[in-house]
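Colleague: Starting off with a structure, shown below.
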Amino acid sequence: MIFSCSGIGITPGIAIGEAHLLQRGTVEIAPRFVPLNQVTNEIDRYRQAVVEARQSLISIENKIPKSTWSEIASFVDTHLLMLADAALSEVPIEFIREQNCAAEWALQIQRDALVKVFDAMDDPYLRSRKDDVDHVINQIQKFLLQKKKGDEFPSLQGRIIIAQDLAPADIILLRHQGVAGFVTEGGGPMSHTAILARGFGIPALVGVHHATQVLRQGEQMVVDGRQGLLLVTDNQKILNHYRDLIRASEQRATLLLRLIKQPAVTQDGATARLMANIELPEEIEQTHSFAADGVGLYRTEYLYMNRSSMPDEEEQYAAYKQAVEGLEGLPITIRTLDLGADKQLDSCAKESTVCNPALGLRAIRLCLKEPKLFRPHLRAILRASALGQVQIMIPMLSNLHEVHQLKATLQEVKESLRRDGLQYAENMRVGGMIEVPAAALAADAFARELDFLSIGTNDLVQYTLAIDRIDDEVNYLYDPLHPSVLKLIQMVIDAGKRHSIPIAMCGEMAGDPRYIPLLMGMGLREFSMRPGSLLEAKRVIRSLDAASLSQQVTRMMKHIDRPNTLAALAKLCQ
Ligand code: PEP
Ligand code: MG
């Protein structure tokens, strides 16, 4: 039998595996009572379910590699602590004893009581902990409800996860459980969830509507990220076809490895810098495997996720130190926290009253407003700057005031480090991301005040074309080749030349081989991308003639609004 659904492929890879439906929310439990002679049995069932839930959490914790920073483990630890608390380990047992409830119903009564307590709390952070309690209770319920041990909790290793939606933080956890791929009903290819999946090389589809309703647990399926296709099939011929495709792509990747030692230089001698985007310090290893010239974007916010408390200065310093030292002298651009929008912080969750979080208190706006969050972060980055070639980059700038405020804060933080006798690089370079159209239009002003600029096309496209990058309903409008986007990119590159500062691009556009000839023609020479894309980018660059591309693209940009130019552009970017 074959059944197919279409979606948006967010990684070019193919995955074959069995479906695992990830259920969100609470399990529906009906009131149920047992005869007196079964009470002991229910108590035993309850105790056994708690033990199994604990074992399941411990086994997840054990699968987290030791090289990963400790916060993911601490996230699991929090759930283990909740499981051990009398509120979950004892109180439901009292209900079974006193009211003759079935174990599931006793737990449900206790859940409702706990939720009421959390809902009544004034502190939004504490109130948000309700989700953790729910998560742990669901774990116990699932063990209570499963008929045979192991039925409902298969290992996720090699499975294809089917979910309504997944947050960036979920991807980090799923990756550690060895999932083969994932499919979500919502989401867009430029969401942070998608970017993480690409970075980790997990084949995935987003925007597969009704996936959780039409797909069944355990079905054999193929996720084809290149074609945006999901095939449910156990037909061996078809599966073998896809296995061949996986082998062919592995062979292609092996061939590309021959370029490791080759420079990223065009046929006519123009050199490009190829940098890596990383989310976690452990990815530094990959930057060496694919011969990156350094790290062009370190998204520091992932250190803050999947945990109930914020990392302090020391913990951040340890992570940045690991990254800087791991680079063995290569440069690194550490981006200050880009929290907000689809990257929310568990540890300072706010009431969600904001209608447009992407236009709200995000990135530098949030940091400048929350010195308690920002100062230890800047201190940690500055301290890491003493250890290697570190530069700092500010996301989502829209106003020069933000640069001034940032610089003033940096001075104060440097002063505090001096007072504490801690080392830092006095002349650490400060750059900004151009991801808001206002900043691109004022690129000259930003170029005058900053040491470098990096174009974040993921957001620049979102904000220029007014389409939410995580909303699959408007994804069809997401177009990096839109003339307005290209004009803004060109303005930034030209401003960089006028003010003699380097201009990089670190949005997904930079790592897409289709756009590299156009960008080289526009004068861009620094590309930052997920490590796995670096060698393909190098292959493309080595095949180009920069001078003739420059002539061709300059002509195109002059007449960018004409229909025949758009056709020529599309041809160049095939
Ligand atoms: C971008 O917006 O292009 C970018 C690189 O930042 P992020 O994807 O983390 O928002
Ligand atoms: Mg961005």
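The values are calculated or read from the model by the stated rules, or taken from the named source; none is laboratory data. Treat the numbers as computed from the prediction; the structure is a model and nothing was measured. All Cβ positions, even for glycine, are placed from backbone atoms using ideal geometry, and neighbour counts span all protein chains on display. For the accessible areas, the whole protein counts, side chains as well, though only heavy atoms, and no ligand, DNA or RNA atoms are used. Shrake-Rupley method; radii C 1.70, N 1.55, O 1.52, S 1.80 Å.
Colleague: Would a scan of segment 460-469 turn up a residue that is touching a residue at least 12 places away in the same chain (Cβ under 8 Å), among the charged types (D, E, K, R), in a loop (DSSP other than H, G, I, E, B) and surrounded by 20 or more Cβ atoms within 10 Å (Cβ to Cβ)? Before the answer, list the steps.
Modeller: Kept after step one, since they are touching a residue at least 12 places away in the same chain (Cβ under 8 Å), are these residues of segment 460-469: 460-465, 468-469.
Restricting the remaining residues to those that are among the charged types (D, E, K, R) gives 468-469.
Within this subset, residues satisfying the condition of being in a loop (DSSP other than H, G, I, E, B) are 468-469.
Retained after the next criterion (residues that are surrounded by 20 or more Cβ atoms within 10 Å (Cβ to Cβ)): 468-469.
Within segment 460-469, one or more residues are touching a residue at least 12 places away in the same chain (Cβ under 8 Å), among the charged types (D, E, K, R), in a loop (DSSP other than H, G, I, E, B) and surrounded by 20 or more Cβ atoms within 10 Å (Cβ to Cβ).
Colleague: Further question: Within segment 557-570, is even one residue open to solvent by 60 Å² or more (accessible area, probe 1.4 Å), of a type in the set (A, V, I, L, M, F, W, C) and over 21 Å from residue 393 (Cβ atoms)?
Modeller: Looking only at segment 557-570, we keep the residues that are open to solvent by 60 Å² or more (accessible area, probe 1.4 Å), and these are 558-559, 561-564, 566-567.
Then drop every residue that is not of a type in the set (A, V, I, L, M, F, W, C), which leaves 566-567.
Okay, now just the ones that are also over 21 Å from residue 393 (Cβ atoms), so 566-567.
Yes.
Colleague: Inside segment 485-506, can you point out the residues that are under 25 Å from the mean Cα position of the chain (by Cα), farther than 14 Å from residue 296 by Cβ and surrounded by 23 or more Cβ atoms within 10 Å (Cβ to Cβ)?
Modeller: Our first condition is that a residue be under 25 Å from the mean Cα position of the chain (by Cα); within segment 485-506, this holds for 485, 489, 503-506.
From what is left, the residues that are farther than 14 Å from residue 296 by Cβ are 485, 489.
Once the filter is applied, which keeps residues that are under 25 Å from the mean Cα position of the chain (by Cα), farther than 14 Å from residue 296 by Cβ and surrounded by 23 or more Cβ atoms within 10 Å (Cβ to Cβ), segment 485-506 yields only 489.
Colleague: Only one of these conditions is not met by residue 256: (1) in the same structural domain as residue 532 (by TED's automatic domain parsing); (2) open to solvent by less than 50 Å² (accessible area, probe 1.4 Å); (3) under 28 Å from residue 193 (Cβ atoms). Which number is it?
Modeller: (1) is the only condition that residue 256 fails.
Colleague: Identify, from the list 225, 218, the residue that is touching a residue at least 24 places away in the same chain (Cβ under 8 Å), open to solvent by 10 Å² or more (accessible area, probe 1.4 Å) and not assigned by TED's automatic domain parsing to the domain that holds residue 479. Even if it seems obvious, please write down each step before you answer.
Modeller: On the way: 225 fails: open to solvent by 10 Å² or more (accessible area, probe 1.4 Å).
Step by step, each of 225, 218 is checked, and only 218 is touching a residue at least 24 places away in the same chain (Cβ under 8 Å), open to solvent by 10 Å² or more (accessible area, probe 1.4 Å) and not assigned by TED's automatic domain parsing to the domain that holds residue 479.
Colleague: For segment 473-480, check the following and say yes or no: at least one residue is within 15 Å of ligand 1 (Cβ to nearest atom) and surrounded by fewer than 19 Cβ atoms within 10 Å (Cβ to Cβ). Please lay out each step first, then the result.
Modeller: At the first step, the residues of segment 473-480 found to be within 15 Å of ligand 1 (Cβ to nearest atom) are 478-480.
From the residues that got through so far, the ones that are surrounded by fewer than 19 Cβ atoms within 10 Å (Cβ to Cβ) too are 479.
For segment 473-480, residues within 15 Å of ligand 1 (Cβ to nearest atom) and surrounded by fewer than 19 Cβ atoms within 10 Å (Cβ to Cβ): present.
Per-residue answers, yes or no, for (1) open to solvent by 10 Å² or more (accessible area, probe 1.4 Å); (2) not in a loop (DSSP other than H, G, I, E, B):
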residue: 174; (1), (2): yes, yes
residue: 198; (1), (2): yes, yes
residue: 209; (1), (2): yes, no
residue: 232; (1), (2): no, yes
residue: 237; (1), (2): yes, yes
residue: 240; (1), (2): yes, yes
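Colleague: Since residue 515 meets every condition but one in (1) over 22 Å from residue 356 (Cβ atoms); (2) more than 16 Å from ligand 1 (Cβ to nearest atom); (3) aromatic (Phe, Trp, Tyr), which condition does it not meet?
Modeller: With (1) over 22 Å from residue 356 (Cβ atoms); (2) more than 16 Å from ligand 1 (Cβ to nearest atom); (3) aromatic (Phe, Trp, Tyr) applied to residue 515, the lone miss is (2).
A quick yes/no check of all residues on (1) more than 27 Å from the chain's Cα centre (by Cα); (2) closer than 30 Å to residue 6 by Cβ:
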site: 236; (1), (2): yes, yes
site: 241; (1), (2): yes, yes
site: 246; (1), (2): no, yes
site: 252; (1), (2): no, yes
site: 263; (1), (2): yes, no
site: 266; (1), (2): yes, no
site: 270; (1), (2): yes, no
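Colleague: Considering only residues that are part of a helix (DSSP H, G or I), within 19 Å of residue 337 (Cβ to Cβ) and within 16 Å of ligand 1 (Cβ to nearest atom), which ones fall in segment 413-459?
Modeller: Scanning segment 413-459 gives 439, 458, 459.
Colleague: Let me ask something additional. Residue 199 versus (1) closer than 22 Å to residue 358 by Cβ; (2) away from ligand 1 (no atom under 16 Å from the Cβ): which is the lone unmet condition?
Modeller: Every condition holds for residue 199 apart from (2).
Colleague: Of all residues being among the small types (Gly, Ala, Ser) and away from ligand 1 (no atom under 16 Å from the Cβ) in segment 295-323, which is surrounded by the fewest Cβ atoms within 10 Å (Cβ to Cβ)? Just the residue, please. Write out each step before concluding.
Modeller: At the first step, the residues of segment 295-323 found to be among the small types (Gly, Ala, Ser) are 296, 308-309, 318-319, 323.
Add one more test, that the residue is away from ligand 1 (no atom under 16 Å from the Cβ), and what stays is 308-309, 318-319, 323.
On the way: 308: 17, 309: 14, 318: 16, 319: 23, 323: 24.
So, considering only residues that are among the small types (Gly, Ala, Ser) and away from ligand 1 (no atom under 16 Å from the Cβ), the one surrounded by the fewest Cβ atoms within 10 Å (Cβ to Cβ) is 309.
Colleague: Let me ask something else about it. Residue under question is residue 370, and the condition is that it be surrounded by fewer than 22 Cβ atoms within 10 Å (Cβ to Cβ) and closer than 23 Å to residue 299 by Cβ; does it hold?
Modeller: Against the criterion (surrounded by fewer than 22 Cβ atoms within 10 Å (Cβ to Cβ) and closer than 23 Å to residue 299 by Cβ), residue 370 qualifies.
Colleague: Can you tell me which residue in segment 180-225 is nearest to residue 238 (Cα to Cα), limited to those that are acidic (Asp, Glu) and touching a strand residue (DSSP E or B) at 6+ places or on another chain (Cβ under 7 Å)?
Modeller: Among those that are acidic (Asp, Glu) and touching a strand residue (DSSP E or B) at 6+ places or on another chain (Cβ under 7 Å), it is 224.
Colleague: Can you name the residue in segment 507-533 that is within 19 Å of the chain's Cα centre (by Cα) and part of a helix (DSSP H, G or I) and, of all such residues, is surrounded by the fewest Cβ atoms within 10 Å (Cβ to Cβ)?
Modeller: Once the filter is applied, the top-ranked residue is 532.
Colleague: Starting from residues that are among the basic types (Lys, Arg) and at pLDDT 90 or above, keep the ones in segment 1-53 and report whichever is least open to solvent (accessible area, probe 1.4 Å). Break it down into steps so the answer makes sense when it comes.
Modeller: Pass one, segment 1-53, residues among the basic types (Lys, Arg): 24, 32, 45, 47.
Still in the running and at pLDDT 90 or above: 45, 47.
Values: 45: 65, 47: 110 Å².
Per the stated criteria, the residue is 45.
Colleague: What number of residues within segment 151-172 are of a type outside the set (Asp, Glu), part of a loop (DSSP other than H, G, I, E, B) and either surrounded by fewer than 20 Cβ atoms within 10 Å (Cβ to Cβ) or modelled with pLDDT under 85 (or both)? Write out each step before concluding.
Modeller: Step one: list which residues in segment 151-172 are of a type outside the set (Asp, Glu), which gives 153-164, 166-169, 171-172.
With the extra rule that they be part of a loop (DSSP other than H, G, I, E, B), the set shrinks to 153-159, 164, 166-167.
Next, from what is left, pick out any that are either surrounded by fewer than 20 Cβ atoms within 10 Å (Cβ to Cβ) or modelled with pLDDT under 85 (or both): 153-158, 164, 167.
Counting residues in segment 151-172 that are of a type outside the set (Asp, Glu), part of a loop (DSSP other than H, G, I, E, B) and either surrounded by fewer than 20 Cβ atoms within 10 Å (Cβ to Cβ) or modelled with pLDDT under 85 (or both) gives 8.
Colleague: Which number in (1) under 28 Å from residue 433 (Cβ atoms); (2) open to solvent by 40 Å² or more (accessible area, probe 1.4 Å); (3) in contact with a helix residue (DSSP H, G or I) (Cβ under 6 Å, 6 or more places away or on another chain); (4) assigned to a loop (DSSP other than H, G, I, E, B) marks the one condition that residue 263 misses?
Modeller: Failing condition for residue 263: (3).
Colleague: Still on this model: Residues being within 21 Å of the chain's Cα centre (by Cα) and either of a type in the set (Ser, Thr, Tyr) or closer than 13 Å to residue 298 by Cα (or both): count how many of those fall in segment 325-342.
Modeller: Going through segment 325-342 one residue at a time, the tally reaches 7.
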